[in-house]
1. For the chain, what is the percent of antiparallel DSSP beta bridges, rounded to the nearest 5?
2. Among T118, T47, what is the fewest-to-most ranking by other Cβ atoms within 10 Å?
3. Assuming a ≥ b ≥ c are the square roots of the Cα gyration tensor eigenvalues, decide whether the stretch 71-123 counts as rounded (a/c under 1.5), prolate (otherwise, with a/b larger than b/c) or oblate.
4. Hey, got the Cα dimensions of the stretch 41-112 along the principal axes, in Å, largest first?
5. What are the trypsin sites (Lys or Arg not before Pro) within the stretch 65-119 that DSSP puts in a loop, where the Cβ has at most 15 other Cβ atoms within 10 Å?
6. Which residues' amide hydrogens lie under 5 Å from the amide hydrogen of D51, considering only partners 5 or more residues apart or on another chain, with H built in the peptide plane?
7. Once phi is turned into θ = phi - 60°, what whole-Hz ³J(HN,Hα) does the Karplus curve with 6.51, -1.76 and 1.60 give for every residue of the stretch 60-73, x standing for Gly and Pro?
8. Which log10 I(q)/I(0) values does the chain give at q = 0.09, 0.16, 0.21 Å⁻¹ under the Debye formula, counting every alpha carbon as one identical point scatterer?
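Taken together, the values in this text are just the output of simple stated rules run on the coordinates, not laboratory data. These numbers come from a predicted model, not from an experiment. Virtual Cβ from ideal backbone geometry, glycine too; neighbours counted across all protein chains shown.
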Amino acid sequence: EDKILTIDVKPGWKSGTRITFPKEGDQTPHNVPADIVFVIKDKPHPTFTRDGSDIRYNIRISLRDALCGTTILVPTLSNRKIPLNLTDIIKPDTVKRIQGEGLPLPKNQSQRGDLIVTFSIAFPSSIPTTSKEILKDLIPPS
C-alpha cells in the first residue's frame, strides 16, 4: 500500500541533514519494515554560495573603483539591494561582511548568518603611455 511521508524542511537546514522515518519502508511477510532516510541536498543558487549559515557573494569591480572608492549594491536573499560604500582601497580577495543577511540559524530561526562579499579586481589590459606617466607621479612606490 502507498503511504505519503511529509517532510517539513526548515529554513537554514544544512546539506547532509538526515530525516528518518522509522520502520516506514516496505514490509513483506519475511521482513520487518526498514527505516526510510531522506538526506537534504542544497540546490545551487545562481548568485550566492553557501558557507554554513553564511552566504557568499563574489563581485568584480574596476581597478579605478578599487583605488578611488565607489558604492555597490549588494543583492540579498530577500531580493533587496544593500548599498555598500567602499571608501578604503580594495585589494584582490578583500572581504566585507554584512551581518544578519545570511541564512537562518538551524537552532534559532530568529537569528541569521552573514552575507560575505568577496571582491576581485578587473585590471585593464592596457594603459596609454601618458596615463602611465600620470599614475607613476600619483602613486608612490611600495
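1. In the chain, approximately 70 percent of DSSP beta bridges are antiparallel ones.
2. Placing the least packed residue first, the sequence is T47, T118.
3. In terms of gyration-tensor shape, prolate.
4. Taking max minus min along each principal axis of the Cα atoms, the stretch 41-112 gives 42, 23, 20 Å.
5. Of the trypsin sites (Lys or Arg not before Pro), the ones in loops of the stretch 65-119 whose Cβ has at most 15 other Cβ atoms within 10 Å are R80, K107.
6. Placed amide hydrogens put R56 under 5 Å from D51.
7. Once θ is set to phi - 60°, the couplings for the stretch 60-73 become 9, 10, 6, 4, 4, 5, 5, 8, 9, x, 5, 10, 10, 9 Hz.
8. Debye intensities relative to I(0), on a log10 scale: -0.49, -0.93, -1.25.
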